[in-house]
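Q: Once you've had a glance at the structure underneath, I'll fire off some questions.
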Amino acid sequence: MADDYLVRIGKLIRDARQHRGWTQTQLADALGTSQSAVNRIERGNQNISLEMIARIGEALDSEIVSLGYSGPMHLRVVGGRRLSGSIDVKTSKNACVALLCATLLNKGRTVLRKVARIEEVYRLLEVLSSIGVRTRWINDGKDLEIVPPAELDMAAMDADAARRTRSIIMFLGPLLHRMDRFKLPYAGGCDLGTRTIEPHMIALRRFGLDITATEGIYHAEVEKSAGPDRPIVLTERGDTVTENALLAAARHDGTTVIRNASSNYMVQDLCFFLEALGVRVDGVGTTTLTVHGVPDIDVDVDYSPSEDPVEAMSLLAAAVVTESELTIRRVPIEFLEIELAVLEEMGLDHDRSPEYSADNGRTRLVDLTVRPSKLEAPIDKIHPMPFPGLNIDNVPFFAAIAATAQGQTLIHDWVYDNRAIYLTDLNRLGGRLQLLDPHRVLVEGPTRWRAAEMMCPPALRPAVVVLLAMMAAEGTSVLRNVYVINRGYEDLAERLNSVGAQIEIFRDI
C-alpha cells in the first residue's frame with residue numbers, strides 16, 4: 001500500500017477517534033494493541049490490514065474508517081416541519097479557539113470545560129499535538145486537558161492542519177514569548193475575501209515581533225528587549241487582533257494599555273481566562289484594556305468558556321424561518337440585545353427568563369422562547385458594528401429572517417469583501433435577494449421557500465443560513481459538502497433533529 005494512502009487512512013482514524021472523544025490509549029485497549037502502535041497507524045507509519053481497518057471502524061463506530069476513504073459529508077433535509085421543545089446553546093467556538101491558543105502561555109495544566117467539538121477545534125488540537133503539546137479529552141469527552149512541553153517542536157508542526165484554520169494567527173502572541181524565531185503557515189479557514197494580518201502586526205511589532213512572509217510561510221523573529229512604551233492603539237477593532245495583543249501583553253513584564261480594543265464575547269472570555277492565569281486585566285467589556293503582565297506563568301487552571309451568542313442566533317433564526325415555538329436555553333443575552341431589539345421592532349413574539357450566571361461566573365444567560373410571528377421589514381438597514389453593536393457574524397441570519405418578513409430589507413455587510421454574495425444562494429431556494437454590490441443585498445419578503453439541491457457556500461454563516469432555509473422549504477433538499485458547517489457547529493444536524501427537524505447525514509460511497 002502506498003505511503004500516501006497510509007497517511008490518509010491514519011488521518012481518518014485519528015479524526016474518528018477524536019470525534020469519539022477517545023485517547024490513543026483507549027483505542028489501543030479496545031484493539032488489544034499498544035498506544036505506540038496506534039500512534040504509528042495515525043501517522044501513516046504502520047502497515048495496516050483490511051481486517052485491522054474493519055476492527056478500528058467497529059471500535060469507533062465509524063463508517064469513515066470501515067470504508068477506508070469517505071467522500072465529503074452531505075445533508076438531506078426534509079423541510080416544512082415545525083420545531084418544538086427546547087435546545088441548549090453550546091460553548092463559544094470563537095472563545096474555545098482563543099483559549100486553546102492562550103494555553104501556550106501557561107507551563108502548567110489547563111482544563112477547559114465543555115469545549116466545542118468542532119472541526120476548527122480539531123485542527124488546532126492537531127497543530128498543538130504536532131508541536132509537542134499533550135492534549136486529551138477527559139470526563140467522557142466533555143472536557144479538554146492541555147499540558148505543554150518544556151520546549152515546543154515547531155519544526156514538526158502539522159502545516160496542513162494549520163492552513164485550514166485562521167485561528168493559527170493567534171499563535172503569534174504567545175509564541176513571541178517562547179522563542180527568538182519561528183515559522184507559521186499562512187492562516188486559512190473561511191473564504192471571506194482578502195484579509196491581511198497588518199492590524200495584528202501593528203500591535204505585535206511593539207513587543208519586538210518582526211515577520212517576513214514568503215512562499216506560504218510567516219517567518220517570525222523576536223527582539224526580546226522590546227516592549228510597548230506607550231498605549232497600543234489598534235487600527236482595527238477586530239476580535240482576533242485584540243486577542244493577539246492580549247496574548248502578547250499577558251507575559252510582557254510590565255503594564256500594557258490596549259486602545260480601540262474589541263469588547264466582544266470571545267475577548268471577554270479570554271480576559272477572564274487570563275485572570276485565572278494570574279494576569280490582571282482592567283477594563284474588561286470596554287474598548288480600553290489595561291494588562292498587568294506576568295513574565296512567567298506556571299499554574300494549573302480550570303476554566304469554563306461561556307456560551308456562543310452566534311449559535312444562539314442561529315437557533316433563534318431556525319425558529320423564525322420554520323414558524324416554530326422553540327425555547328433556546330443558556331443564551332448569553334448581553335451579546336444578543338441589539339439583535340433582539342431589531343427583531344422586536346420587526347414584530348418578533350418572544351419572552352425571556354430571569355438572568356442567571358454562566359459556568360464562568362461572569363457571563364449573563366437567559367432562556368429565550370420564540371413563537372411564530374408576523375414580521376415586518378425593518379425601517380433601517382441591517383448592518384454590523386463592533387460590540388455592543390449588531391454582531392458581524394449574526395448579519396447573515398437576518399437574510400433568512402428578512403426573507404420571511406413583509407417588505408424590503410437592506411443588508412449592508414460592510415466588513416467582508418464577498419460574504420454578501422453567498423447570501424444570494426437563498427435564491428436557489430425561492431428567495432428574492434438582489435445583490436446591489438459586493439457588500440449590500442436587498443431582500444424581498446415574504447418568501448415561499450422551495451426545495452433544491454446545492455453545494456454548501458464556502459463561508460460558515462451563509463452555509464448555515466442555507467440549511468435553515470432548506471428546513472423551511474416543503475420537500476426534500478440536499479446540501480452538499482458541509483465541512484464548513486462542521487468547522488463552527490457541534491452536531492448541528494442531530495441537535496436540530498432533537499427538536500423536530502428531519503436532517504439526514506450521508507456520504508458518497
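The values are calculated or read from the model by the stated rules, or taken from the named source; none is laboratory data. Just so you know, these numbers come straight off a predicted model, no measurement behind them. Using ideal geometry, Cβ is built from the backbone for each residue, glycine included, and neighbour counts are taken over all protein chains shown. Side chains are part of the model used for accessible areas, which takes the heavy atoms of the whole protein and leaves out ligands, DNA and RNA. Shrake-Rupley method; radii C 1.70, N 1.55, O 1.52, S 1.80 Å.
Q: Mind checking the log10 I(q)/I(0) for the chain at q = 0.09, 0.10, 0.11 Å⁻¹? Debye, one equal scatterer per Cα, no solvent, two decimals.
A: Summing over Cα pairs of the chain leads to -0.65, -0.81, -0.98.
Q: Same structure, new question: Can you work out the FRET efficiency for the pair Arg259 and Glu51, with r the C-beta to C-beta distance and R0 = 41 Å, to the nearest 0.05?
A: Efficiency for this residue pair is about 0.10.
Q: Report, to the nearest whole %, how much of the accessible area of segment 264-324 belongs to carbon and sulfur atoms, 1.4 Å probe, protein only.
A: Here it works out to 43 percent.
Q: Report in % the part of the accessible area of segment 434-478 that belongs to carbon and sulfur, leaving out ligands and nucleic acids; probe 1.4 Å. Let's see the in-between values first.
A: On the way: 870 of 1730 Å².
Ligands and nucleic acids excluded, carbon and sulfur reach 50 percent.
Q: Run the helix sum for the chain: -39,500 (n - 2.57) per DSSP H stretch of 4+ residues, divided by residue count, reported at 222 nm to the nearest 500 deg cm²/dmol.
A: The helix contribution divided over the chain gives -10000 deg cm²/dmol.
Q: Scattering from the C-alpha atoms of segment 67-131 alone, worked out with Debye: what is log10 I(q)/I(0) at q = 0.13, 0.16, 0.22, 0.25 1/Å?
A: Results for segment 67-131 at q = 0.13, 0.16, 0.22, 0.25 Å⁻¹ read -0.60, -0.78, -1.02, -1.14.
Q: About its Cα centre, what dipole magnitude does segment 390-486 give when the only charges are +1 on Lys and Arg Cβ and -1 on Asp and Glu Cβ, stated in debye to the nearest 20?
A: Charge dipole, segment 390-486, about its Cα centre: 160 debye, nearest 20.
Q: With charges only on Cβ, +1 for K and R and -1 for D and E, what is the dipole size of segment 92-198 about its Cα centre, in debye, rounded to 20?
A: Roughly 260 debye for segment 92-198.
Q: Quote the FRET efficiency, to the nearest 0.05, computed for Asp4 versus Asn139 with a Förster distance R0 of 25 Å and r equal to the Cβ-Cβ distance.
A: With a Förster radius of 25 Å, E is 0.10.
Q: Based on the Cβ-Cβ distance from Arg507 to Thr286, what FRET efficiency comes out when R0 is 45 Å, to the nearest 0.05?
A: 0.45
Q: From the cross-link list Lys11/Lys183; Lys90/Lys114; Lys183/Lys224, which pairs have alpha carbons spaced over 19 Å apart?
A: Details: Lys11/Lys183 23 Å; Lys90/Lys114 8 Å; Lys183/Lys224 17 Å.
Going by Cα-Cα distance, Lys11/Lys183 fall outside the 19 Å limit.
Q: Next question. Quick one: if you stick a label point 7 Å off each Cα along the C-beta vector at Asp88 and Asp210, how many nm between them?
A: It is 5.1 nm.
Q: Also, quick follow-up: Among the DSSP beta bridges whose two residues both lie in the chain, what percent are antiparallel, rounded to the nearest 5?
A: On the way: 60 of 74 bridges.
Just about 80 percent of them are antiparallel.
Q: Taking the Cβ of Val342 as the center, what net charge do the other residues with Cβ under 11 Å away carry, scoring Lys and Arg +1 and Asp and Glu -1?
A: -4
Q: Just want to confirm a number: the relative contact order over the chain, from Cα pairs under 8 angstrom separated by 6+ residues, in percent.
A: The normalised contact order for the chain reaches 18 percent.
Q: Follow-up question, since we're still on this one. Please calculate how many Å² of accessible area segment 91-223 carries per residue, with a 1.4 Å probe and no DNA, RNA or ligand atoms counted.
A: Result: 37 Å² per residue.
Q: Using 7 Å Cα-to-Cβ label points, what is the Tyr483/Glu151 separation (nm, one decimal)?
A: About 3.5 nm, to one decimal.
Q: Further, regarding this structure: Please state the relative contact order of segment 432-484 as a whole percent: Cα pairs under 8 Å, 6+ residues apart?
A: 36
Q: Sticking with this one: Taking 7 Å along the Cα-to-C-beta vector as the label spot, tell me the Asp229-Asn39 distance in nanometres, rounded to one decimal.
A: For Asp229 paired with Asn39, the spin-label model returns 4.8 nm.
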